[in-house]
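Student: Handing you this structure, nothing more for now.
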Amino acid sequence: NAGVTQTPKFQVLKTGQSMTLQCAQDMNHNSMYWYRQDPGMGLRLIYYSASEGTTDKGEVPNGYNVSRLNKREFSLRLESAAPSQTSVYFCASSEAGSYQPQHFGDGTRLSIL
Amino acid sequence: EDQVTQSPEALRLQEGESSSLNCSYTVSGLRGLFWYRQDPGKGPEFLFTLYSAGEEKEKERLKATLTKKESFLHITAPKPEDSATYLCAVLPINDYKLSFGAGTTVTVRA
């Protein structure tokens, strides 16, 4: 079972470049999430999609955009990367209802020079 | 503002040496408290959900408990394969967003 698949696993960007992080889940989950994880800090929610066609801002949305392409896929876009966006990015999915446990991918490690 | 504080930040144990991790939280109303395990280079893996004070859940050598202000993750007779970072997260009643603690990194030496 693949679960939640994130691509790429690693990426190095220069300041000002753009890129899209991809996420796909095969568990037929309605809800999907994007988090960032920084040393010494808890996971912080960037964006959330309760269901196909809907997206909501999380705690730290500035500098990011998202697209819920279909039920399986939820992408995160950095339009103009900044060094402060160097982080590990995790995608997660869950059954409908925020009280359901979230299942995470293995992350994208992003460095912005 | 919802807050989740985990302690200690790091814990080094000898194999077989039981111990507990703490997760203190401040939230207006708790819908659920989640425990995850995270291995280096991997995403968090779900362990337990606790919903009300007094509730307990067990899985192998792990036991999670919940009070109105904190949760404990007890590790009984740990083995080296229990080495990981353990994350706690709370879900408030009137919100959909999980608030995560920074985690406790557990190292178990053989």
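Student: Looking at the range A:10-55 only, could you name the residues that are at pLDDT 95 or above, part of a strand (DSSP E or B) and more than 11 Å from the chain's Cα centre (by Cα)?
Tutor: Within the range A:10-55, A:Phe10, A:Gln11, A:Val12, A:Leu13, A:Met19, A:Gln25 meet the criteria.
Student: I would also like to ask the following. Among (1) on the phi > 0 side of the Ramachandran plot; (2) of a type outside the set (S, T, N, Q); (3) open to solvent by 30 Å² or more (accessible area, probe 1.4 Å), there is one condition A:Ala50 misses while meeting the rest; what is its number?
Tutor: (1)
Student: Search the range B:34-62 for residues that are within 9 Å of chain A (Cβ to nearest Cβ) and under 25 Å from A:Phe90 (Cβ atoms) and pair each with any residue that is part of a strand (DSSP E or B) and acidic (Asp, Glu) when their beta-carbon atoms are under 8 Å apart and the residues are at least 6 apart or on different chains.
Tutor: Here the result reads B:Tyr36/B:Glu45; B:Gln38/B:Glu45, each pair linking the range B:34-62 to a residue that is part of a strand (DSSP E or B) and acidic (Asp, Glu).
Student: Please give the number of the condition A:Asp56 fails out of (1) touching a strand residue (DSSP E or B) at 6+ places or on another chain (Cβ under 6 Å); (2) open to solvent by 40 Å² or more (accessible area, probe 1.4 Å); (3) touching a residue at least 40 places away in the same chain (Cβ under 8 Å); (4) within 12 Å of chain B (Cβ to nearest Cβ).
Tutor: (3)
Student: Suppose we keep only residues that are more than 12 Å from B:Gly103 (Cα to Cα), within 12 Å of chain A (Cβ to nearest Cβ) and not in a strand (DSSP E or B) within the range B:1-25. Which one would you say is most open to solvent (accessible area, probe 1.4 Å)?
Tutor: Looking at residues that are more than 12 Å from B:Gly103 (Cα to Cα), within 12 Å of chain A (Cβ to nearest Cβ) and not in a strand (DSSP E or B), I get B:Glu1.
Student: Now for a different question. Tally the residues that are open to solvent by 50 Å² or more (accessible area, probe 1.4 Å) and within 14 Å of the chain's Cα centre (by Cα), restricting the search to the range B:66-75.
Tutor: The number of residues fulfilling the criteria is 5.
Student: Taking the range A:87-113 only, how many residues are at the interface with chain B (Cβ under 8 Å from one of its Cβ atoms), closer than 14 Å to B:Lys42 by Cα and open to solvent by 30 Å² or more (accessible area, probe 1.4 Å)?
Tutor: 2
Student: Being within 14 Å of chain B (Cβ to nearest Cβ) and open to solvent by less than 30 Å² (accessible area, probe 1.4 Å) is the filter here, so list the residues in the range A:59-86 that pass it.
Tutor: Answer for the range A:59-86, where residues must be within 14 Å of chain B (Cβ to nearest Cβ) and open to solvent by less than 30 Å² (accessible area, probe 1.4 Å): just A:Pro61.
Student: Kindly indicate whether any position in the range A:31-46 is surrounded by fewer than 20 Cβ atoms within 10 Å (Cβ to Cβ) and touching a residue at least 60 places away in the same chain (Cβ under 8 Å).
Tutor: Within the range A:31-46, not a single residue is surrounded by fewer than 20 Cβ atoms within 10 Å (Cβ to Cβ) and touching a residue at least 60 places away in the same chain (Cβ under 8 Å).
Student: Open to solvent by 50 Å² or more (accessible area, probe 1.4 Å), touching a residue at least 24 places away in the same chain (Cβ under 8 Å), in a loop (DSSP other than H, G, I, E, B) and polar (S, T, N, Q): does that describe B:Ser28?
Tutor: When the stated conditions are applied, B:Ser28 passes them.
Student: Return only the number of the condition from (1) open to solvent by 60 Å² or more (accessible area, probe 1.4 Å); (2) modelled with pLDDT of 95 or more; (3) closer than 19 Å to B:Thr5 by Cα that B:Cys88 does not satisfy.
Tutor: If we test B:Cys88 against (1) open to solvent by 60 Å² or more (accessible area, probe 1.4 Å); (2) modelled with pLDDT of 95 or more; (3) closer than 19 Å to B:Thr5 by Cα, just (1) comes out false.
Student: Right, next: Would you say B:Lys79 is of a type in the set (D, E, K, R), open to solvent by 10 Å² or more (accessible area, probe 1.4 Å), without any contact (Cβ under 8 Å) to a residue 40 or more places away in the chain and in contact with a strand residue (DSSP E or B) (Cβ under 9 Å, 6 or more places away or on another chain)?
Tutor: The answer is no for B:Lys79.
The values are calculated or read from the model by the stated rules, or taken from the named source; none is laboratory data. If you're wondering where the values come from, they're calculated on a predicted model, not measured in any experiment. As a convention, Cβ positions derive from the backbone with ideal geometry for all residues, glycine included, and neighbour counts pool all protein chains shown. The protein model used for the area step is the full one, side chains on, heavy atoms only, and it has no ligands, DNA or RNA in it. Shrake-Rupley method; radii C 1.70, N 1.55, O 1.52, S 1.80 Å.
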